[in-house]
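The values are calculated or read from the model by the stated rules, or taken from the named source; none is laboratory data. All values derive from a computational prediction rather than experimental measurement. Using ideal geometry, Cβ is built from the backbone for each residue, glycine included, and neighbour counts are taken over all protein chains shown.
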Amino acid sequence: MNDLNVISISKPSKSVIDLERIARGVREMLIGAGEDVDREGLRETPMRVAKAFVEMTRGLTESAEPHLSKTFAEGHGDLVLVRDIEFSSMCEHHLLPFWGRAHIAYLPADDRVVGLSKLARTLDVFARRPQVQERLGHQIAEAIETALAPQGVAVILEAEHMCMAMRGAQKRSAKTTTTAHRGVFATDASRRAELLALIRAQA
């Protein structure tokens, strides 16, 4: 089964982070590439990379639930859209970065909303893991849908991938757009059109 069809909020990993093990792996990779890991420029590189890798994958030890659990009544059920949220992630196929902007929207139910910054924090929880862009959008949408039970959720991601720019096709200007629609945004074309118009509108 394609793992993109197995979408979950993904509870944080309980594994203990082993910096030394990561560093040993980096050292072996450099040796395998023919480098002298004892030269001055590379002597401390394995541990530097290990620390950076842990930082870039910190979402593996985090959950979106704390960010989305506190809601408040706003007294209306109008569309909420946070546009142009910058994010960075790591392609799980080549362990190279991809980055871009996210547009996250939901249509509240029962007038319950969540703090706007919590949407950005939810994005980071899932982006800071080895990822594929297609899965990332669906994980964000599911987390919001599960926590808020809104009438609809939409997540649109636009990103550039270094695994496409630095290797393989080597197309540096290519951008990838993915969408994840739930509820009314999946079933109501007019709602989708309204959302796209707001995203495209100039600030």
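I need every pair where a residue in segment 106-124 that is at pLDDT 95 or above has its Cβ under 8 Å from the Cβ of a residue that is aliphatic (A, V, I, L, M) and exposed (fewer than 13 other Cβ atoms within 10 Å of the Cβ), sequence separation at least 6 or different chains.
Short answer, once both residue conditions are applied: none.
Filter segment 99-126 down to the residues that are small (Gly, Ala, Ser) and out of contact with any helix residue (DSSP H, G or I) (no Cβ under 6 Å at 6 or more places or on another chain), then identify the one that is nearest to THR179 (Cα to Cα).
GLY100
Would you say LEU60 is under 30 Å from ARG27 (Cα atoms) and surrounded by fewer than 15 Cβ atoms within 10 Å (Cβ to Cβ)?
No.
Just one of THR177, THR187 is more than 29 Å from THR61 (Cα to Cα), hydroxyl-bearing (Ser, Thr, Tyr), in the same structural domain as HIS93 (by TED's automatic domain parsing) and at pLDDT 95 or above; which is it?
Sole residue among the options that is more than 29 Å from THR61 (Cα to Cα), hydroxyl-bearing (Ser, Thr, Tyr), in the same structural domain as HIS93 (by TED's automatic domain parsing) and at pLDDT 95 or above: THR187.
Restricting the first residue to segment 78-95 and requiring it to be assigned to a strand (DSSP E or B), which pairs with a second residue that is modelled with pLDDT of 95 or more and small (Gly, Ala, Ser) meet a Cβ separation below 6 Å and a spacing of at least six or different chains?
LEU81/ALA105; ILE85/ALA102; ILE85/ALA120; PHE87/ALA102; PHE87/ALA127; SER89/ALA127
Checking SER173 against (1) closer than 25 Å to ALA201 by Cα; (2) touching an Asp or Glu at 6+ places or on another chain (Cβ under 9 Å); (3) of a type in the set (Ser, Thr, Tyr); (4) in contact (Cβ under 8 Å) with a residue 12 or more places away in the chain: exactly one of these is not met. Which one?
Status for SER173: all satisfied but (4).
Looking at (1) within 30 Å of ILE17 (Cα to Cα); (2) buried (at least 16 other Cβ atoms within 10 Å of the Cβ), which is the only condition GLU92 fails?
Single failed check for GLU92: (2).
Check segment 126-141 and report whether any residue there is over 10 Å from the mean Cα position of the chain (by Cα) and either at pLDDT 95 or above or surrounded by 15 or more Cβ atoms within 10 Å (Cβ to Cβ) (or both).
Checking segment 126-141: at least one residue is over 10 Å from the mean Cα position of the chain (by Cα) and either at pLDDT 95 or above or surrounded by 15 or more Cβ atoms within 10 Å (Cβ to Cβ) (or both).
Scan segment 1-43 for residues that are exposed (fewer than 11 other Cβ atoms within 10 Å of the Cβ), at pLDDT 95 or above and not in a helix (DSSP H, G or I) and jot them down.
Answer for segment 1-43, where residues must be exposed (fewer than 11 other Cβ atoms within 10 Å of the Cβ), at pLDDT 95 or above and not in a helix (DSSP H, G or I): ALA33, GLY34, ASP38, ARG39, GLU40, GLY41.
Is it fair to say HIS93 is out of contact with any Lys or Arg (no Cβ under 9 Å at 6 or more places or on another chain) and under 30 Å from ALA197 (Cβ atoms)?
No.
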